[in-house]
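Below: the structure, in structure tokens.
The values are calculated or read from the model by the stated rules, or taken from the named source; none is laboratory data. The model shown is predicted, which means the values in this text are computed figures rather than measured ones. Neighbour counts are summed over all protein chains in view; Cβ atoms, including those assigned to glycine, are modelled from backbone coordinates with ideal geometry. SASA here: full protein model, heavy atoms, side chains in, ligands and nucleic acids out. Shrake-Rupley method; radii C 1.70, N 1.55, O 1.52, S 1.80 Å.
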Amino acid sequence: MPANYEIDNVDLKILEILLKNAKKPYTEVAKQVFVSGGTVHVRMKKLEDMGVVEGTTLKIDYTKLGYDITAFIGIFLSKSELYDQVIAALKQIPEIINVHYTTGNYSMFAKIHCKDTQHLKNVLHDKIQRVEGIVRTDTMISLEESINRNIQLEMKDH
């Protein structure tokens, strides 16, 4: 792929359609964008090679699988130099689904799913708070996720 490949409105339209439904066949995407299915395939490959597209995921309602608690954990590090060591340890905790390295009050901010309050206590007490370099955590339990969406992509001016 050429290093100077620029994303254009066709790429953005393809992404916009697939963000709404990643399972939509490329032939249907092609019809909506007025290009061939092969063009969609080639452009998606280029976007993957560029790192713009990092694969596809399933959206799961964890409550239907018995994970009734979603919580956000603000994590305070004793020293910011310990970030790499701490993130390596947090990657080993399966209940943690994402972690951000942040500015502001917390060094890191994590999202976790747990089955119930006892499971949450065990994850916090027996796993997260035992990671060397973490001095304190601040936990917020989500009562409801009201918005979960991708940003709307803006088309480029010609």
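The table below gives the values:
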| quantity | calculated |
| --- | --- |
| Residues of the stretch 108-121 classified as in a strand (DSSP E or B) and either farther than 30 Å from E81 by Cβ or not aromatic (F, W, Y) (or both), total | 6 |
| Odd one out for G133, checked against (1) under 21 Å from the mean Cα position of the chain (by Cα); (2) at positive phi | (1) |
| Neighbours by Cβ (under 7 Å, 6+ apart or cross-chain): first from the stretch 48-65, farther than 18 Å from E95 by Cβ and without any contact (Cβ under 8 Å) to a residue 40 or more places away in the chain; second open to solvent by less than 80 Å² (accessible area, probe 1.4 Å) and part of a loop (DSSP other than H, G, I, E, B) | T56/A22 |
| Which listed residue is in a loop (DSSP other than H, G, I, E, B), on the phi < 0 side of the Ramachandran plot and in contact (Cβ under 8 Å) with a residue 24 or more places away in the chain, from A71, A22, A89 | A22 |
| Output for the stretch 122-134, where each listed residue is surrounded by 12 or more Cβ atoms within 10 Å (Cβ to Cβ) and within 17 Å of Q85 (Cβ to Cβ) | K127, I128, Q129, V131, G133, I134 |
| Every residue from the stretch 27-65 that is of a type outside the set (A, V, I, L, M, F, W, C), open to solvent by less than 70 Å² (accessible area, probe 1.4 Å) and in a helix (DSSP H, G or I) | G37, G38, T39, R43, K46 |
| The stretch 74-85, subset more than 24 Å from L120 (Cα to Cα) and either among the polar types (S, T, N, Q) or touching a residue at least 12 places away in the same chain (Cβ under 8 Å) (or both), residue surrounded by the most Cβ atoms within 10 Å (Cβ to Cβ) | L82 |
| Neighbours by Cβ (under 9 Å, 6+ apart or cross-chain): first from the stretch 92-110, closer than 14 Å to G133 by Cβ; second of a type in the set (D, E, K, R) and exposed (fewer than 15 other Cβ atoms within 10 Å of the Cβ) | V99/K91; Y106/D138 |
| Residue within the stretch 9-18 that is in a helix (DSSP H, G or I), of a type outside the set (D, E, K, R), more than 30 Å from E144 (Cα to Cα) and in contact (Cβ under 8 Å) with a residue 40 or more places away in the chain present | yes |
